[in-house]
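K.L.:
I have a structure here, written as structure tokens, and I will follow up with some questions on it.
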Amino acid sequence: MAAKVFFLRTTDKEDDSAVAKRLKQAVRRLDLFSFIGARDMVAVKTHFGERNSNGYVRPLYLKTLGEQIKHRQAIPFLTETSTLYRGQRSNAVDHLRLAHEHGFTLEKTGMPIIMADGLRGDEEIEVVIPGQLYRSVKIASLIARAHALVVI
């Protein structure tokens, strides 16, 4: 199955609330979440950013997406995985602290955060794939267990 990728063009000067409104309209108009069923636990995979940077999707946009998932009577949560290199995102505790510093809180996103690969970044599951180079890959265990996945 081919993946579909959607892109919402914005400008640096555009207000976050205006972008969030256009995002909501696009999700509804394109029926982007039609694959999500009632009571599905939906992992919203994002990136919480690095220390001293602002290169991440704004929490308000994620709140907008979470509201649209809830509109389908599903249960969304934010998720991310630890890095392989040492640093602020190499374990769940430090990673969540950084996420909160960047505004990824339940209050601002409307979704709790559950680390996809556990406390130390080592909770993974092997899944079979129809690849030519690899017949299976290891992925964060929570990703495999979610009913649906929205990647931001």
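K.L.:
At a 1.4 Å probe, what is the % contribution of carbon and sulfur to the accessible area of segment 1-114?
P.N.:
Working: 3810 of 7140 Å².
Answer for segment 1-114 is 53 percent, counting heavy atoms of protein chains only.
K.L.:
Mind sorting out which of (i) 45, 34, 27; (ii) 50, 35, 33; (iii) 42, 37, 29 is the real Cα extents along the principal axes in Å computed from the coordinates?
P.N.:
Checking each listed value against the structure points to (iii).
K.L.:
Longer than 22 Å from Cα to Cα, which of Lys70/Lys138; Lys24/Lys63; Lys13/Lys70 are they? Say none if no pair is.
P.N.:
Lys70/Lys138; Lys13/Lys70
K.L.:
Also: How do 135-148, 69-82 rank on mean C-beta neighbours within 10 Å, highest first?
P.N.:
By packing density, highest mean first, the sequence is 69-82, 135-148.
K.L.:
Under a 1.4 Å probe, what is the accessible area of the chain per residue, stated in Å²?
P.N.:
66 Å²
K.L.:
When only C-alpha pairs under 8 Å and at least 6 residues apart count, what is the relative contact order of the chain, in percent?
P.N.:
25 percent
K.L.:
Rounded to the nearest 500 deg cm²/dmol, what is the calculated helix-only ellipticity per residue at 222 nm for the chain, with -39500 (n - 2.57) per DSSP H run of length n ≥ 4? If you can, show how the numbers build up before the last one.
P.N.:
Numbers: 5 runs with 47 residues, N = 152.
Rounded to the nearest 500, it is -9000 deg cm²/dmol.
K.L.:
Just the number, please: percent antiparallel of the DSSP beta bridges in segment 22-152, rounded to the nearest 5.
P.N.:
Close to 35 percent.
K.L.:
What residues qualify as long-range amide H neighbours of Glu50, i.e. H under 5 Å apart, gap of 5 or more or another chain, H built at 1.01 Å from N?
P.N.:
For Glu50, the qualifying residues are Gly55.
K.L.:
May I ask for the distance between the Cα centers of segment 86-134 and segment 22-47, given as a whole number of Å?
P.N.:
Spelled out, the Cα-based centre of one part sits 20 Å from the other.
The values are calculated or read from the model by the stated rules, or taken from the named source; none is laboratory data. If you're wondering where the values come from, they're calculated on a predicted model, not measured in any experiment. Here the Cβ is made from the backbone with ideal geometry for all residues, glycine too, and neighbour counts use every protein chain on show. The accessibility values were calculated without ligands, DNA or RNA, using every heavy atom of the protein model including side chains. Shrake-Rupley method; radii C 1.70, N 1.55, O 1.52, S 1.80 Å.
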